[in-house]
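Here the structure comes first, spelled out in structure tokens, and everything after it is commentary.
The values are calculated or read from the model by the stated rules, or taken from the named source; none is laboratory data. Just so you know, these numbers come straight off a predicted model, no measurement behind them. We place every Cβ from the backbone using ideal geometry, glycine too, and count neighbours over all the protein chains shown.
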Amino acid sequence: MKSLILTGLLALGSPVLAAPPNVVIFLTDDQGTLDANCYGSKDLYTPAMDRLAATGVRFTQAYAHTVCCPARALLMTGRHPQRSGVVHWTQGDRKGSDSRNRNMAASEVTIAEVLRKAGYATAIFGKWHLGAKEGHDPLAQGFDHHFGHLGGFIDNYNHFFLHGQGFHDLYENNVEIFKRDEYFPDLMANRALDYIDAHQDKPFFLYVAFNIPHYPEQPDRKFEERYRDLPMPRQSYARMISTTDDRMGRILDRLEKRKLRGNTIVIFMSDNGHSTEEGARIRANHKSGMKEGHYYHAHGGGGNTGKWRGSKGSYYEGGLRVPAIISYPARLPEGEVRGQAITAADWFPTILDLCGIERPKAQLDGHSVLPLIQKPNSPSLHRTLHWGWGNGWAVRMGDWKLIGNGNQPRFLGSLAGEHPEASNHLKEKPKLVQQLLQLHQDWVEETRPR
């Protein structure tokens with residue numbers, strides 16, 4: 001296996017691995033399909049993301065999921081979230097006030113577990129959202145160190161989950177900590193910088209799981225003037241994108257300062273499309289002490305999907321298709337673009353191939369992207385693409401995507417042309433609908449937890 005990996009790397013014009021590469025994954029939260037300068041959004045200031053594109057390979061047809069939890073399961077396990085039981089919102093409050101008892105199966109093998117077994121130090125800074133129950137947290141899933149929140153989102157200053165009556169959600173290595181009035185993106189970024197300094201002499205895996213640009217939109221004030229003339233809600237959202245990019249840049253700068261950048265695999269992706277959520281306000285007697293009526297939602301959405309329809313929570317392209325870049329200067333080409341379909345599950349086998357590590361015995365649904373990088377014109381390794389969340393689902397084959405709920409197909413859309421998914425072809429193509437429905441039903445059965 002390892003000789004095949006090295007042969008592939010040599011074919012990319014790379015020497016034999018001299019030292020194990022470090023691995024850094026930047027996962028942003030609710031960053032939409034085209035929301036970076038390097039993806040064509042020229043009204044955005046994203047120098048760190050653009051730097052990664054200039055020093056790596058940018059994918060224009062990368063898919064995560066429709067919402068947070070399943071995208072994170074895909075990324076961490078390289079497997080469809082159905083296999084690990086992540087099919088609804090996971091438990092967010094370790095103390096159980098949210099009444100959920102749903103967590104990613106502890107039996108799942110994460111990328112952190114595989115890398116730690118291979119001698120890597122492993123850390124996650126930021127958002128977990130795969131279960132808060134003891135035994136299902138980051139420390140139980142391969143990470144040596146964790147700092148951040150276990151649930152879906154927090155206010156960046158009081159660190160409370162804001163829906164309902166709220167709950168405090170800030171932990172370090174399973175110990176609840178209190179840092180009220182300290183800006184969370186800085187807290188997590190600074191810990192990441194310290195981690196790099198402390199582990200610069202041995203291989204490490206650093207998972208930087210940002211909680212932004214996800215609402216509440218509380219940007220770094222230095223970006224207020226830059227976007228003053230943008231209309232709302234783009235203005236508010238743009239400030240959050242640049243705030244996220246700025247913290248990414250700080251971490252990239254530290255890698256360069258420590259002369260680690262060349263031998264560090266950096267992957268950047270978002271978990272789903274931009275949010276268009278609107279209307280949420282703090283309830284009376286909220287546990288955070290915040291004033292009743294305080295608005296904290298996404299102002300109806302400010303993302304850019306170009307010609308693609310949809311946003312977070314939908315199975316249209318704008319909900320699923322996200323920015324994605326891999327940069328590894330010592331081994332991979334720079335400044336290149338690939339248009340083949342890839343998914344968040346593909347990073348797991350890609351990392352293992354680049355690190356020369358054997359894959360786990362568990363079935364992976366992802367495919368290494370190295371063949372696509374090596375041969376730009378090669379086809380996608382995904383013959384079909386599947387998503388499922390709650391009762392909703394989608395299946396794609398070629399240019400056609402069928403979206404349904406339960407056993408009922410609802411929408412058949414074409415991705416071809418200048419107005420993709422604009423029309424519902426459900427009644428026009430009954431045979432194609434049945435073919436795609438059968439593919440979905442077979443997938444449901446195949447991914448059912450055993």
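The residues of segment 394-414 that are crowded, with 18+ Cβ neighbours inside 10 Å and aliphatic (A, V, I, L, M), listed by number, are 394, 395, 402, 403, 412. Looking at segment 88-101 only, could you name the residues that are surrounded by fewer than 17 Cβ atoms within 10 Å (Cβ to Cβ) and of a type in the set (Lys, Arg)? Within segment 88-101, just 95 meets the criteria.
Of all residues in segment 5-23, one or more are within 18 Å of the chain's Cα centre (by Cα) and either under 25 Å from residue 340 (Cβ atoms) or modelled with pLDDT under 95 (or both).
For (1) in contact with a strand residue (DSSP E or B) (Cβ under 8 Å, 6 or more places away or on another chain); (2) surrounded by 18 or more Cβ atoms within 10 Å (Cβ to Cβ); (3) in the same structural domain as residue 36 (by TED's automatic domain parsing); (4) polar (S, T, N, Q), each residue gets a yes or a no:
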position	(1), (2), (3), (4)
327	yes, yes, yes, yes
330	no, no, yes, no
336	yes, no, yes, no
348	no, yes, yes, no
352	no, yes, yes, no
355	yes, yes, yes, no
369	yes, yes, yes, no
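Just so you know, in segment 218-244 the residues that are of a type in the set (A, V, I, L, M, F, W, C) and out of contact with any strand residue (DSSP E or B) (no Cβ under 6 Å at 6 or more places or on another chain) include one that is nearest to residue 183 (Cα to Cα), and it is 223.
As a summary of the residue check, residue 240 satisfies the conditions (1) touching a Pro at 6+ places or on another chain (Cβ under 8 Å); (2) in contact (Cβ under 8 Å) with a residue 60 or more places away in the chain except for the one numbered (2).
Residues that are over 29 Å from residue 120 (Cα atoms) and assigned to a helix (DSSP H, G or I): does segment 55-74 have at least one? No, there is no match, as no residue in segment 55-74 is over 29 Å from residue 120 (Cα atoms) and assigned to a helix (DSSP H, G or I). Within segment 191-214, the set of residues being free of Cβ contacts under 8 Å to residues at least 60 places away in the same chain and in contact with a strand residue (DSSP E or B) (Cβ under 9 Å, 6 or more places away or on another chain) comprises just one member, 198. Entry remark, segment 253-274: residues being among the polar types (S, T, N, Q), more than 30 Å from residue 298 (Cα to Cα) and either within 22 Å of the chain's Cα centre (by Cα) or not assigned by TED's automatic domain parsing to the domain that holds residue 342 (or both) number 1 in total.
Can you pull out the residues in segment 364-390 that are within 28 Å of residue 403 (Cα to Cα), in a loop (DSSP other than H, G, I, E, B) and either touching a helix residue (DSSP H, G or I) at 6+ places or on another chain (Cβ under 8 Å) or without any contact (Cβ under 8 Å) to a residue 12 or more places away in the chain (or both)? Once the filter is applied, which keeps residues that are within 28 Å of residue 403 (Cα to Cα), in a loop (DSSP other than H, G, I, E, B) and either touching a helix residue (DSSP H, G or I) at 6+ places or on another chain (Cβ under 8 Å) or without any contact (Cβ under 8 Å) to a residue 12 or more places away in the chain (or both), segment 364-390 yields 364, 365, 366, 367, 368, 369, 378, 380, 381.
Residue 116 passes all but one of (1) of a type in the set (Lys, Arg); (2) in contact (Cβ under 8 Å) with a residue 60 or more places away in the chain; (3) surrounded by 18 or more Cβ atoms within 10 Å (Cβ to Cβ); which number fails? The failed condition is (3).
Condition (residue is in a loop (DSSP other than H, G, I, E, B), surrounded by 15 or more Cβ atoms within 10 Å (Cβ to Cβ) and among the small types (Gly, Ala, Ser)) applied to segment 260-278: is it met by at least one residue? Looking for residues that are in a loop (DSSP other than H, G, I, E, B), surrounded by 15 or more Cβ atoms within 10 Å (Cβ to Cβ) and among the small types (Gly, Ala, Ser), one finds at least one in segment 260-278, hence yes.
Could you please let me know if residue 121 is in the same structural domain as residue 198 (by TED's automatic domain parsing), under 27 Å from residue 358 (Cα atoms) and either surrounded by 24 or more Cβ atoms within 10 Å (Cβ to Cβ) or among the basic types (Lys, Arg) (or both)? Can you show your working first?
Numbers: in the same structural domain as residue 198 (by TED's automatic domain parsing): yes; under 27 Å from residue 358 (Cα atoms): yes; either surrounded by 24 or more Cβ atoms within 10 Å (Cβ to Cβ) or among the basic types (Lys, Arg) (or both): no.
Answer is no for this residue.
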